[in-house]
Amino acid sequence: MTDLSLAPTRPIGVLRHRKDPMSSQESAKSGRNVSPDLVTGKWLTTDELAGILSVDPSTLRRWRTARPLQGPPFVPVSDRVTLYSAIDVERWLRSRRVDPEQAA
């Protein structure tokens, strides 16, 4: 399995957001649970993730349009740009992991 923290990526750019005066406790009470890692973490394009997973980019596109949806969580930034959080991809890969010793 590929270590996503070592995967080469090109900079996507800085995600800009308005400053929110709410504390993290206030945010949790209001139901706005956004992990700081999700905002500041590494983001991958379809092509980058396809390279890491050793699949064709069309496979990821097919997973995004399948019903029910398949593949790792994604963020459709625009009609032409879809991003994947490295954190979400790692979580998705771990959920699919099969340990033969535990399966026996």
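Read-outs: derived from the displayed coordinates by stated rules, not from any lab. Since we're looking at a predicted model, the values are computed, not measured. Please note: Cβ atoms are built from the backbone with ideal geometry, for glycine as well, and neighbour counts cover all protein chains shown.
Size of the stretch 34-73: Rg and Dmax of its alpha carbons, in Å, are 11.8, 31. Annotation: peptides 84-91, 64-71, 95-102, ranked by per-residue average of other Cβ atoms within 10 Å with the highest first, follow the order 84-91, 64-71, 95-102.
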